[in-house]
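Q: Structure incoming, see below.
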Amino acid sequence: MVNINSLFDLKNKVALVTGASSGLGRRAAIVLSAAGAKVIGVARRRDSLEELRKEIGDNFSFVVGDVAQRNKIDSLVLEASTDFGMPDILVHAAGLNTRQVADQVNSDGWDRTLEINLSAPFFLSQAAISAMKERGWGRIVNFASLQSTRAFPGGLAYGVSKGGIVQLTRAMAEEWSEDGICINAIGPGFFPTELTKAVFDDAERAERNAMQTCIGRNGKLEDIDGPLLFLCSDASAYVTGQVLMVDGGFTAK
């Protein structure tokens, strides 16, 4: 008899979530904790992480850090493992979009966008992968985007980083999946987060985006729950190197 519940049970698992102070990263921390995982949040804003700990409780700890600081990635992972041990699950939800048009892109904005959106998911995963290999089990979830495959105005550096995430997901899957580690990506549509505040502050633009989906609305934070839990659990044991678009059918039209 198939035990459906056990497929999604994350008890005895440890999850590290970057960008946990807000938006989809915050939602990911809440969902994985509800599924039984001990969750480590990583973000730059201590006050927001402390608020999240009050909401989740003892199954949540956090590290204040900047994933763009590559030379501190190893120490960040070690600090994060202090309370619960090394992570079984990595969710790379930290992101940056400078919204600079091509003529205004500067080296600082370009470098920081690629460091946070593309480099950090790889180097943080590299720092944590040994423990997953030893256990023969791991899950890594990257965050792609509508701009992984489509060009949006003012999104040159962001789009480049998110296009790179698609190939990074495939390449990491090819390297590490034989060790029992499944690496996939979620491609969110328009969700109300800090990154998309400019979009949702413009009611006409938000409605226009909603009408471009098959479902006819923009995303709600809870729409990410099922796809994320699927990719972080035993339910996705034979799924790796894939991008799951959670966009209401925006990319299907």
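Q: Given the criterion touching a strand residue (DSSP E or B) at 6+ places or on another chain (Cβ under 6 Å) and among the charged types (D, E, K, R), identify the matching residue among ARG150, ARG139, ARG170.
A: Of ARG150, ARG139, ARG170, the one residue that is touching a strand residue (DSSP E or B) at 6+ places or on another chain (Cβ under 6 Å) and among the charged types (D, E, K, R) is ARG139.
Q: Within the stretch 22-49, count every residue that is hydrophobic (A, V, I, L, M, F, W, C) and within 18 Å of VAL77 (Cβ to Cβ). Step through it out loud before you land on a result.
A: Initial filter on the stretch 22-49 (hydrophobic (A, V, I, L, M, F, W, C)): 24, 28-32, 34-35, 37, 39-40, 42-43, 49.
Still in the list and also within 18 Å of VAL77 (Cβ to Cβ): 28-29, 32, 37, 39-40, 42-43, 49.
Residues meeting the conditions: 9.
Q: A further question follows. How many residues does the stretch 220-246 hold that are open to solvent by less than 20 Å² (accessible area, probe 1.4 Å) and in a loop (DSSP other than H, G, I, E, B)?
A: Residues in the stretch 220-246 being open to solvent by less than 20 Å² (accessible area, probe 1.4 Å) and in a loop (DSSP other than H, G, I, E, B): 2 in total.
Q: Do we have PHE143 as modelled with pLDDT of 95 or more, more than 30 Å from GLY249 (Cβ to Cβ) and not basic (Lys, Arg) here?
A: no
Q: Filter the stretch 209-219 for residues that are assigned to a helix (DSSP H, G or I) and touching a residue at least 40 places away in the same chain (Cβ under 8 Å) and give the result.
A: Correct list: ASN209 only.
Q: Of the residues that make up the stretch 73-95, is at least one free of Cβ contacts under 8 Å to residues at least 24 places away in the same chain, open to solvent by less than 80 Å² (accessible area, probe 1.4 Å) and among the β-branched types (Val, Ile, Thr)?
A: no
Q: Follow-up. Scan the stretch 170-208 residue by residue and report those that are open to solvent by less than 60 Å² (accessible area, probe 1.4 Å), in a loop (DSSP other than H, G, I, E, B), without any contact (Cβ under 8 Å) to a residue 60 or more places away in the chain and under 22 Å from PHE250 (Cβ atoms).
A: Of everything in the stretch 170-208, nothing turns out to be open to solvent by less than 60 Å² (accessible area, probe 1.4 Å), in a loop (DSSP other than H, G, I, E, B), without any contact (Cβ under 8 Å) to a residue 60 or more places away in the chain and under 22 Å from PHE250 (Cβ atoms).
Q: Listed residues ARG99, ARG53, ARG46, ARG70; which is open to solvent by 20 Å² or more (accessible area, probe 1.4 Å) and at positive phi?
A: Exactly one of ARG99, ARG53, ARG46, ARG70 is open to solvent by 20 Å² or more (accessible area, probe 1.4 Å) and at positive phi, namely ARG99.
Q: Please list, ordered by first then second residue, the pairs with beta carbon atoms under 6 Å, 6 or more apart or interchain, first in the stretch 139-159 and surrounded by 16 or more Cβ atoms within 10 Å (Cβ to Cβ) and aromatic (Phe, Trp, Tyr), second part of a loop (DSSP other than H, G, I, E, B) and at pLDDT below 95.
A: Final answer for the pair search is TYR158/ASN97.
The values are calculated or read from the model by the stated rules, or taken from the named source; none is laboratory data. This one's a predicted model, so the numbers in the text were calculated from it and none came from an experiment. Positions of Cβ are generated from backbone atoms using ideal geometry, with glycine treated the same way; all protein chains shown enter the neighbour counts. For accessibility, only protein heavy atoms count, side chains too; no ligands or nucleic acids. Shrake-Rupley method; radii C 1.70, N 1.55, O 1.52, S 1.80 Å.
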